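Below: the structure, in structure tokens.
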């Protein structure tokens with residue numbers, strides 16, 4: 001049926017979604033559905049409370065079958081989250097998935113015009129009319145099938161990356177783990193004991209290392225950096241530099257597990273690395289049993305939750321509690337004071353850990369950023385809000401709890417991988433809630449503190465999660481990728497002047513010149529963004545699913561009313 | 001692709017169980033997904049919007065529900081409970097008790113004719129936090145998956161007294177089936193199991209009494225508030241007080257209700273600081289004049305973008321954060337709650353009159369956790385959550401049985417989703433090696 005759809009008379013079905021009250025609360029969806037039914041080529045129209053629900057999808061399938069529809073429009077939320085669902089739905093009903101057209105009347109209409117219901121309704125009518133005009137000109141397209149290389153590259157040999165690699169290896173995938181330092185371990189190497197059970201970090205590290213050594217599917221490259229990445233989901237070519245040697249790898253998926261750096265408080269609270277040190281420097285003293293101090297004051301949120309660095313680094317409160325408890329255990333007479341703003345110990349065990357710290361006699365004093373702490377040679381002056389007065393606390397060691405910050409070289413790695421960073425320069429996932437381990441780019445994943453500061457437990461969780469996400473690709477011999485790509489049709493070849501502007505503008509490096517000096521577009525790399533088509537000076541490039549004819553039909557429909 | 005000889009079992013169809021099932025199914029492993037309730041979606045389906053990006057919860061969840069329902073590698077068992085587990089890591093066999101729905105799943109078209117004709121009314125709907133009532137034949141919410149009605153066996157007069165039968169006559173597809181019996185389904189060849197049965201919230205009136213819950217109409221729990229403000233909830237997205245239908249202009253959100261206390265649970269529920277801020281923001285979007293007050297002990301905003309979210313609450317949504325301890329709540333003649341609290345910053349006892357109080361009640365282990373743990377042979381911790389170890393976060397005390405989400409520790413959606421994938425990885429290791 002789908003093959004000769006284009007020759008049949010066009011029969012469009014329109015489904016107007018209320019999206020609960022997101023759309024239905026502002027405009028009359030029933031009236032809009034009636035309006036849609038009056039438009040050219042529309043053979044069927046209905047409205048649903050949630051078109052994306054199983055009920056709504058069943059209604060679409062039923063209408064396609066009973067009304068002999070060959071084009072389907074859903075006017076609702078956003079194609080970003082819902083287009084794949086509706087495409088699958090009409091495919092199940094026997095239509096080519098590209099004969100579906102999404103009309104965005106929520107994100108781009110009722111949400112943005114919340115205060116103007118009448119105008120929003122008029123705009124929704126325009127949008128639906130434009131969508132109908134385009135739908136009549138949609139063409140069937142085929143998805144592209146690509147082979148998958150069942151192997152992975154994990155960038156970063158810290159606790160996250162090691163866990164990803166171990167799991168992928170166990171699942172039978174050849175996995176390359178690369179680490180820029182000369183040994184595996186990342187931040188775990190510098191830590192003394194780990195909360196919440198005060199286990200020695202080295203024990204966990206040794207266990208992970210031995211699992212890696214035993215797994216025949218794993219290859220580790222230390223002192224190595226990624227120099228070059230090209231390719232696409234299932235088929236990446238990677239160049240690694242290890243001590244001036246270049247190693248070439250071919251992998252099907254890439255996992256970013258590069259961790260984070262520790263903020264350096266060099267100009268804060270008279271930091272000197274001797275009597276005023278960071279928590280990490282304190283770990284070093286504890287590890288080597290070199291701590292002499294008896295009066296210890298810790299300050300939380302040093303360089304964090306301020307204007308410059310808005311966020312809470314989430315691991316520092318537990319780190320401070322852990323080190324305070326270790327000191328207290330070694331030296332029960334030690335005086336320990338923690339100056340905090342909001343103590344971050346969420347959940348069961350961490351909260352219990354905090355209670356225990358209080359019971360052990362560690363003193364907690366809340367300070368607020370409005371009442372600045374004054375650090376002097378051997379005292380800290382803090383305004384105690386409970387007492388309503390300033391108090392002076394003597395110290396012989398001041399420990400600053402500083403946040404994790406994004407690595408300096410995140411930017412260059414992001415460019416190599418063509419993935420985005422967020423405002424604090426951590427890597428940005430595809431969706432904060434439902435795709436926390438995926439990048440928007442297919443076949444590339446992220447985990448651990450490269451994404452956001454997390455503790456060891458969550459680093460392990462996310463490391464394993466990345467292994468699962470990558471496995472959803474690597475477990476298949478082939479996968480399907482987007483078919484709505486740009487191309488240079490034979491009949492347009494003579495229009496191409498060879499100016500190469502398209503090569504320069506393509507953000508996915510999908511366009512190049514072949515041996516015959518002709519423009520070639522690699523379909524599988526193309527995401528269909530349309531930049532090449534829009535910049536092509538001679539309009540030689542055609543964007544499938546967004547052809548000039550389709551777009552002009554929408555413009556005419558908009559003007560035509 | 002080679003067929004895997006073993007299947008996986010996922011217990012619990014909330015967002016954690018759904019994500020675990022989808023990952024495994026996409027890896028190519030056949031999954032049995034077992035849910036006690038009539039539909040999947042769990043608590044996330046009941047929420048209005050989600051922090052920190054304020055996406056509409058059901059809008060982002062619905063595609064996942066459909067995917068679970070249609071995935072060729074997933075078999076869904078609703079109204080079902082795991083009753084017996086035999087075997088060990090790599091080869092379990094499981095008995096499921098599937099309760100009768102009294103509606104044929106393959107025939108029901110979700111048209112609602114049965115519910116319209118049903119003479120029984122006033123059956124409370126768990127999905128709407130019991131704020132709405134319905135007929136004895138119902139669907140928890142319009143976009144529920146599976147999109148199939150069910151009969152409340154306690155309330156249906158036909159099942160109890162063999163009278164009525166109107167729905168049977170009304171259903172054109174003849175989908176009603178009162179001969180259905182609870183059935184036992186045996187699943188063999190289960191390589192590994194994931195437990196993702198989520199959480200409950202304290203409903204015990206006792207710890208909530210001092211806050212006036214159930215005594216004062218204008219004191220509601222946060223989950224009730226989600227339903228009250230939700231477009232698909234009992235007030236169709238128009239926030240009104242339960243006492244007089246007045247639109248609130250001053251709302252107080254009280255944190256740590258029943259948690260972080262010796263008189264309730266000692267632990268922190270992890271998500272309340274964030275969702276209370278979110279609820280205040282949504283309420284503000286409904287009414288730009290709204291003032292909100294969040295009464296808290298420690299602001300816990302460690303997740304990605306969370307502190308920025310709190311800052312936005314302060315700067316753009318008229319939310320005031322008061323570090324404090326609540327002494328008690330009274331009401332005036334118009335049933336306006338009056339909060340009496342000890343403000344930490346000033347050490348003063350103060351009062352604040354508001355229109356509505358929202359309680360961030362403590363997360364507790366789900367109902368039936370003891371018997372499920374017993375059936376599975378896994379240990380619980382001192383708080384009755386499933387016991388896990390920090391550096392083996394998905395592993396229960398029994399080999400081959402993993403867990404994810406709130407059933408082992410209170411957590412937010414992003415972490416539940418990450419944990420679900422993580423548990424899926426552990427299961428995939430076993431089944432693919434096997």
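The values are calculated or read from the model by the stated rules, or taken from the named source; none is laboratory data. From a predicted model like this one, the values you see are computed outputs, not experimental measurements. Cβ sites come from the backbone with ideal geometry, for glycine too, and all protein chains shown count toward neighbours.
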**OP:** Tally the residues that are at pLDDT 90 or above, in contact with a strand residue (DSSP E or B) (Cβ under 8 Å, 6 or more places away or on another chain) and surrounded by fewer than 24 Cβ atoms within 10 Å (Cβ to Cβ), restricting the search to the range A:457-484.
**Re:** 4
Original post:
So which residues in the range A:436-456 are over 23 Å from residue A:346 (Cα atoms) and assigned to a loop (DSSP other than H, G, I, E, B)?
Top reply: A:439, A:440, A:441, A:442, A:443
Subject >> Subset of the range A:243-260 [touching a strand residue (DSSP E or B) at 6+ places or on another chain (Cβ under 8 Å) and surrounded by 15 or more Cβ atoms within 10 Å (Cβ to Cβ)] >> reply: A:247, A:249, A:251, A:252, A:253, A:254, A:255, A:256, A:257, A:258, A:260
Original post:
Restricting to the range B:8-28, what's the tally of residues that are touching a helix residue (DSSP H, G or I) at 6+ places or on another chain (Cβ under 8 Å) and over 21 Å from residue B:145 (Cβ atoms)?
Top reply: 1
Original post:
So which of A:204, A:191 ends up being crowded, with 20+ Cβ neighbours inside 10 Å, over 19 Å from residue A:447 (Cα atoms) and either assigned by TED's automatic domain parsing to the domain that holds residue A:356 or touching a helix residue (DSSP H, G or I) at 6+ places or on another chain (Cβ under 8 Å) (or both)?
Top reply: A:191
Original post:
How about the range B:121-142: which of its residues are more than 16 Å from the chain's Cα centre (by Cα) and touching a residue at least 40 places away in the same chain (Cβ under 8 Å)?
Top reply: B:132, B:139, B:142
Subject >> Enumerated strands (runs of 3 or more DSSP E) restricted to the range A:338-435, each holding at least 2 residues that are away from chain B (no Cβ under 13 Å), more than 31 Å from the chain's Cα centre (by Cα) and at pLDDT 95 or above >> reply: A:379-384, A:389-394, A:397-400
Original post:
Within the range B:1-24, how many residues are surrounded by fewer than 23 Cβ atoms within 10 Å (Cβ to Cβ) and either under 23 Å from the mean Cα position of the chain (by Cα) or without any contact (Cβ under 8 Å) to a residue 40 or more places away in the chain (or both)?
Top reply: 3
Original post:
In this structure, is residue B:61 away from chain A (no Cβ under 14 Å), surrounded by 24 or more Cβ atoms within 10 Å (Cβ to Cβ) and within 19 Å of residue B:421 (Cβ to Cβ)?
Top reply: no
Original post:
Of the conditions (1) touching a helix residue (DSSP H, G or I) at 6+ places or on another chain (Cβ under 6 Å); (2) part of a loop (DSSP other than H, G, I, E, B), residue A:550 fails just one. Which one is it?
Top reply: (2)
**OP:** Might you check whether a residue that is within 14 Å of chain A (Cβ to nearest Cβ), in contact with a helix residue (DSSP H, G or I) (Cβ under 8 Å, 6 or more places away or on another chain) and modelled with pLDDT under 90 occurs anywhere in the range B:148-171?
**Re:** no
**OP:** Take the residues in the range B:265-293 that are under 18 Å from residue B:236 (Cα atoms) and in contact with a helix residue (DSSP H, G or I) (Cβ under 8 Å, 6 or more places away or on another chain), then tell me which one is surrounded by the fewest Cβ atoms within 10 Å (Cβ to Cβ).
**Re:** B:286
Original post:
So which of B:208, B:166, B:228, B:150 is closer than 29 Å to residue B:407 by Cβ, touching a residue at least 24 places away in the same chain (Cβ under 8 Å) and outside the structural domain of residue B:335 (by TED's automatic domain parsing)?
Top reply: B:150
Original post:
Does any residue of the range B:419-431 turn out to be under 20 Å from residue B:188 (Cα atoms), touching a helix residue (DSSP H, G or I) at 6+ places or on another chain (Cβ under 7 Å), without any contact (Cβ under 8 Å) to a residue 60 or more places away in the chain and surrounded by fewer than 24 Cβ atoms within 10 Å (Cβ to Cβ)?
Top reply: yes
Original post:
Filter the range A:49-67 for residues that are touching a residue at least 40 places away in the same chain (Cβ under 8 Å) and over 24 Å from residue B:61 (Cβ atoms); which is surrounded by the fewest Cβ atoms within 10 Å (Cβ to Cβ)?
Top reply: A:67
Subject >> Among the candidates B:417, B:407, residue that is more than 10 Å from chain A (Cβ to nearest Cβ) and either more than 18 Å from residue A:211 (Cα to Cα) or over 19 Å from the mean Cα position of the chain (by Cα) (or both) >> reply: B:407
**OP:** Of all residues in the range B:109-139, count the ones that are assigned to a loop (DSSP other than H, G, I, E, B) and out of contact with any strand residue (DSSP E or B) (no Cβ under 6 Å at 6 or more places or on another chain).
**Re:** 12
Subject >> Residues located in the range A:49-101, provided they are part of a loop (DSSP other than H, G, I, E, B) and more than 10 Å from chain B (Cβ to nearest Cβ) >> reply: A:67, A:68, A:69, A:70, A:93, A:94, A:95, A:96
**OP:** May I ask you to verify whether residue B:432 is outside any loop (DSSP other than H, G, I, E, B), within 9 Å of chain A (Cβ to nearest Cβ) and at pLDDT below 95?
**Re:** yes
Subject >> Unmet criterion (only one of (1) in contact (Cβ under 8 Å) with a residue 24 or more places away in the chain; (2) away from every other protein chain (no Cβ under 14 Å); (3) in a helix (DSSP H, G or I); (4) in contact with a helix residue (DSSP H, G or I) (Cβ under 9 Å, 6 or more places away or on another chain)) for residue A:492 >> reply: (4)
Original post:
From the list B:380, B:372, which one is assigned by TED's automatic domain parsing to the domain that holds residue B:426, crowded, with 21+ Cβ neighbours inside 10 Å and either modelled with pLDDT under 95 or touching a strand residue (DSSP E or B) at 6+ places or on another chain (Cβ under 8 Å) (or both)?
Top reply: B:372
**OP:** From B:280, B:301, grab the single residue that is more than 9 Å from chain A (Cβ to nearest Cβ) and without any contact (Cβ under 8 Å) to a residue 40 or more places away in the chain.
**Re:** B:280
